[in-house]
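These notes are about the structure you will find just below.
The values are calculated or read from the model by the stated rules, or taken from the named source; none is laboratory data. Quantities reported herein were computed from a predicted structural model and do not represent experimental measurements. As a convention, Cβ positions derive from the backbone with ideal geometry for all residues, glycine included, and neighbour counts pool all protein chains shown.
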Amino acid sequence: MAPRKIIIDTDPGQDDAVAILLALASPEEIDVLGITAVAGNVPLPLTAKNARIVCELAGKPGTKVFAGCDAPLKRKLVTAEHVHGKTGLDGPQLPEPKMALQAAHGVDFIIDTLRREPKGSVTLCPLGPLTNIATAFRRAPDIVERVQEIVLMGGAYFEVGNITPAAEFNIYVDPEAAEIVFKSGVPLVVMPLDVTHKVLTTAPRIQAFRAMGTEAGRMVAEWTDFFERFDKEKYGSNGAPLHDPCVIAWLLQPGLFKGRHINVEIETQSELTLGMTVADWWGVTDRAPNAVFIGDVDADGFFALLTDRISRL
Ligand code: BDR
Ligand code: CA
């Protein structure tokens, strides 16, 4: 089978970085048409730079990286340096990327790619706030029906929130963009905190990356080491959740995951619960299902896949 064509929309972030590595390490299954950076964990100039650092680390400097939107549709940007550090990729010493950013804007790349490629052949993989995707859908409504599927990291139901008591970071940063995407009618697969909090970077799992003896293995170990501190302190958990790699793992081995096809709405009005993903997990409304909302994962299977693929870099 031909590899699945995807666009990764991202705000790296250590977990975004691992997701990008996983995709670039899997060329038989996944063809990364391009990577669009968005403002999120850190401001746009840093996410656009970090995406290139990761491509070079993967040995894929030919990957096209575009800068997209530098602020949410209607709100002031909220960032997460308290989790990811000042650079977004704190942990190891970071090299300066040599590869250039593409000249085009990320939103134009998304629009042009969806118009150029056969209808239903491109999957969008958002790993950050949904600003780029929503902007593309608003500017070019004709592309919406051309998207094969959107597989995204965002939201929460049982785990409720991480950036506020009620909201997960990616959705909270740009709830209006999230609303556009969740109401778009495009088939959605959603990786909420409910599942990502089950894939934790325990000490033996980090050691497996370090033991590879490769540059990619070392960087992943140092990133996850850094990233881990925050979650250990906050949740008292055994390690850090590898949120964004769940999106790519689902493309590679969907059988690792379990979820439900349900209705998910985005709160955009209430100050208290802004950005909440109101997920009808128990089917108590008659609102039409719009997303496969994932709730469970085989964590050992996930790490076996991730370790195997990172070791190929
Ligand atoms: C999400 O927010 C970011 O901090 C991570 O990269 C992930 O995409 C988790 O809430
Ligand atoms: Ca992210």
Within region 5-13, does at least one residue satisfy the condition of being away from ligand 1 (no atom under 15 Å from the Cβ) and closer than 13 Å to Phe66 by Cβ?
yes
Tally time: how many residues in region 78-97 are surrounded by 14 or more Cβ atoms within 10 Å (Cβ to Cβ) and touching a helix residue (DSSP H, G or I) at 6+ places or on another chain (Cβ under 7 Å)?
13
Do the conditions hold for Pro27, that is, is it away from ligand 2 (no atom under 14 Å from the Cβ), more than 25 Å from Gly120 (Cα to Cα), without any contact (Cβ under 8 Å) to a residue 40 or more places away in the chain and not basic (Lys, Arg)?
no
Of the residues in region 240-283, those that are more than 19 Å from Ile310 (Cα to Cα) and either more than 16 Å from ligand 2 (Cβ to nearest atom) or among the charged types (D, E, K, R) (or both) number 26
Go through (1) surrounded by fewer than 20 Cβ atoms within 10 Å (Cβ to Cβ); (2) out of contact with any Pro (no Cβ under 8 Å at 6 or more places or on another chain) and name the single condition Trp250 misses.
(1)
Tell me, yes or no, whether region 139-151 has at least one residue that is touching a Pro at 6+ places or on another chain (Cβ under 7 Å) and either buried (at least 24 other Cβ atoms within 10 Å of the Cβ) or among the aromatic types (Phe, Trp, Tyr) (or both).
no
Residues of region 143-188 being away from ligand 1 (no atom under 15 Å from the Cβ) and within 17 Å of Leu251 (Cβ to Cβ), in sequence order, are Val147, Gln148, Glu149, Val186, Pro187, Leu188
Kindly state which strands (runs of 3 or more DSSP E) lie completely within region 1-102 and contain at least 2 residues that are more than 22 Å from Gln253 (Cβ to Cβ).
30-37, 65-67
Could you list, in sequence order, the residues of region 103-144 that are part of a loop (DSSP other than H, G, I, E, B) and free of Cβ contacts under 8 Å to residues at least 40 places away in the same chain?
Ala103, Ala104, Pro118, Lys119, Gly120, Ala140
Would a scan of region 223-237 turn up a residue that is in contact with an Asp or Glu (Cβ under 7 Å, 6 or more places away or on another chain), modelled with pLDDT under 95 and among the hydroxyl-bearing types (Ser, Thr, Tyr)?
yes
Given the options Ile133, Ile206, name the one that is of a type in the set (A, V, I, L, M), away from ligand 1 (no atom under 15 Å from the Cβ) and either closer than 30 Å to Thr113 by Cα or surrounded by 17 or more Cβ atoms within 10 Å (Cβ to Cβ) (or both).
Ile206
